[in-house]
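Here is the structure we will look at.
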Amino acid sequence: MISEFGLRMSVKHNIWGGPLEINVEEHGLWHEEEEEEEEEEEFRRRRRGLDRAPYEAPSDEVKQRWLRRPDILEKSMSSSSYCNKSSISTLVCLVTISAIIVLIIKLKPHYHPPSSPTLDNYTLALPKALLFFNAQQSGKLPLNNNVSWRGDSCLKDEQVGGYYDGGDSTKYNFPAAFAMTMLSWSVLEYNQKYESALELHHVKHTIKWGTDYLLKTFTAYANSTTTVASQLPSPTTKHNNKCWIRPEEIQSPRPASHCTTCPALAAETAAALAAASIVFHDNEAYSKKLIHGADVIFRFATQGLGGKYSGGADPPSLLYNSSGFWDEFLWGGTWMYLATGNSSYLNLITSPELDEKVGSMRQSVLSWDNKLPGAALLLARLRMFLDYGYPYEQVLKNYQNKIDDIVCSYLPNSNKFNRTKGGLIMLNHGNPRPLQYVVNAAFLAKLYSDYMGALYVPGIMCGGKFYRSEALEDFARTQVDYILGKNPEKMSYVVGFGERYPEEVHHMGASIMSEKGKKYGCGGGWKWRDRRKPNPNVIVGAMVGGPDKLDGFNDLRSNYNYTEPSLAGNSGLVAALVALSQNATPNSGIDHNTIFYSVRLP
């Protein structure tokens, strides 16, 4: 205990009653007068042969002198004789001394920890949305997986690891690569927000789990590759779509599908590896490994640089068919340039030939299939933050005009997209699973708004009308607020967030009771899918497909259009949430420079 005046005291009894005994021997606080008295007493004891006599406690007066300032001590000593004259005066003396002690304690400064701020919904939902990826992990689970109902699974796959795409046990590499690219992009732009929300390590681990797997899908260690895995298991695998089974019960080997001509998949894989290499730039060995793999697979995708690809399109997939590959060339090439600073990639992505190829594509909706909006915003970032000049300026300006048109189409006065009565923008024109497109649009709008804010650009012109940059942020907030519960159903479409959320999520692992030693087999799981009860396991953070064009939602496990989550959907959700989060780091904007870590102006 330290008094206001620096005296260290060891209190032996309650200061509010009874004798106040203070151990002073161990602190060496005897005044010289007391030391002389003690030495004389000790001398007398020795003379009397009383070396082992018990210690005689100092008087109350002496004890109080240790607690008081010198000026108080002097006054106290002069009045001590008065205090001894009568019991009443002694009582008054003790009360006065106690009051002084209380005053010293009261005046001593006390530490008051700062109160925790009330976090906004975006910050609160962020760790939940990331936790979904833990629930989708395949292979030998890491110790920090922390999803109690998950275990090691599919350890005999041709490529072990990675993520299951949605509600079943299939790994689709095309949307998985897009998901990793989106997560990396969000980290590069909002690193500080992740760190303040204590989720930076989590999101980086999530990315690395995905990129480690992507490096297994082709010969990433070599200087070239002739094939890449597209999905696992292969569509021809026995019982692939005939079982409702927990992935932990799958014991048989599962081969992957491979393709020798798949430009969209390969270019998206290159984008994921290149973007992640910037995220992990502080881990030099791993970053170089990612860049090497990205270079190998991008050359495989484009069959050389120059935008003169003459190969065919990707082979058909059960669920994820690419409608084209020129947007992936632009997207992948942009990330390759950002990761390496190699001017050959810059020449590719700013070539008039590639600009012409992507110019005729649908522009407005960023998704696992359409990368043009994302690439356009990245190229606009190059133009806004770096001064390239001739011969790059005109093409970069064209892409900034494209992103202007894209975000303008999201604003309320645009007639390009309808909205539900509850306010949800229908970017897929009323078709099922709208939310995965909405979160991507929210991320783009908020990010572009932050670019403007960083450069003090007040806003944009949309069809002859000026909109402040805040209008883009407002759009993003209203859409994500809808997803988090501000909708006619008053339901959060993110599982585990809010008071009401989907309970019959279309997900094999979540829908079947996980009991140690209990197996239901291929056919035994269907009773779990078809029963009308909440899932026994809550898949926290999963964003489901979402409502229909009338704001209606059918919480039915067998109806995957409403209730199935996906990697691509949740990656956009994570990106939008971290972009909108405020309480973790109020008014913190984008990271201006990390994304340009390897870029050198030509």
Working only within segment 421-431, note down all residues that are touching an Asp or Glu at 6+ places or on another chain (Cβ under 8 Å) and either at pLDDT below 95 or over 16 Å from Glu489 (Cβ atoms) (or both). Gly430
Please verify whether segment 207-220 includes one or more residues that are open to solvent by 40 Å² or more (accessible area, probe 1.4 Å), touching a residue at least 60 places away in the same chain (Cβ under 8 Å), farther than 26 Å from Ala476 by Cβ and polar (S, T, N, Q). yes
Selection from segment 502-526 of residues that are open to solvent by 40 Å² or more (accessible area, probe 1.4 Å), outside any loop (DSSP other than H, G, I, E, B) and under 22 Å from Pro565 (Cβ atoms): Trp526
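From the list Ser234, Ser224, Ser230, which residue is surrounded by fewer than 22 Cβ atoms within 10 Å (Cβ to Cβ), touching a strand residue (DSSP E or B) at 6+ places or on another chain (Cβ under 8 Å) and of a type in the set (Gly, Ala, Ser)?
Details: Ser224 fails: touching a strand residue (DSSP E or B) at 6+ places or on another chain (Cβ under 8 Å); Ser230 fails: surrounded by fewer than 22 Cβ atoms within 10 Å (Cβ to Cβ).
After ruling out the rest, the residue left standing is Ser234.
With respect to Gly569, determine if the residue is open to solvent by less than 20 Å² (accessible area, probe 1.4 Å), small (Gly, Ala, Ser), within 16 Å of the chain's Cα centre (by Cα) and within 30 Å of Ser277 (Cβ to Cβ).
Spelling it out, Gly569 is indeed open to solvent by less than 20 Å² (accessible area, probe 1.4 Å), small (Gly, Ala, Ser), within 16 Å of the chain's Cα centre (by Cα) and within 30 Å of Ser277 (Cβ to Cβ).
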Considering every residue within segment 537-553, establish whether at least one is in contact with a helix residue (DSSP H, G or I) (Cβ under 8 Å, 6 or more places away or on another chain), open to solvent by less than 10 Å² (accessible area, probe 1.4 Å) and closer than 30 Å to Tyr388 by Cα. no
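Among Lys289, Lys242, which is the only one that is among the charged types (D, E, K, R), open to solvent by 10 Å² or more (accessible area, probe 1.4 Å) and modelled with pLDDT under 95?
It is Lys242.
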Within segment 564-584, track down each residue that is modelled with pLDDT of 95 or more and of a type in the set (A, V, I, L, M, F, W, C). Leu567, Ala568, Leu573, Val574, Ala575, Ala576, Leu577, Val578, Ala579, Leu580
Residue under evaluation Ser492, criteria (1) outside any strand (DSSP E or B); (2) touching a residue at least 12 places away in the same chain (Cβ under 8 Å); (3) buried (at least 18 other Cβ atoms within 10 Å of the Cβ); (4) not basic (Lys, Arg), criterion not met: (2)
Selection within segment 554-566 - in a helix (DSSP H, G or I) and open to solvent by 10 Å² or more (accessible area, probe 1.4 Å): Tyr560, Asn561, Tyr562
Cβ-Cβ distance below 6 Å, separation of 6 or more or different chains: which pairs start in segment 469-486 with a residue that is within 25 Å of Gly459 (Cα to Cα) and open to solvent by 10 Å² or more (accessible area, probe 1.4 Å) and end on one that is part of a helix (DSSP H, G or I) and of a type in the set (D, E, K, R)? Glu473/Lys446
Could you pull out every one of the helices (runs of 4 or more DSSP H) wholly within segment 309-389 that has 1 or more residues that are without any contact (Cβ under 8 Å) to a residue 12 or more places away in the chain? 352-359
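The values are calculated or read from the model by the stated rules, or taken from the named source; none is laboratory data. Owing to the predicted nature of the structure, the values given are computational and were not obtained by experimental measurement. Positions of Cβ are backbone-derived with ideal geometry, glycine not excepted, and every protein chain shown enters the neighbour counts. Surface accessibility is based on the protein's heavy atoms, side chains included, excluding ligands, DNA and RNA. Shrake-Rupley method; radii C 1.70, N 1.55, O 1.52, S 1.80 Å.
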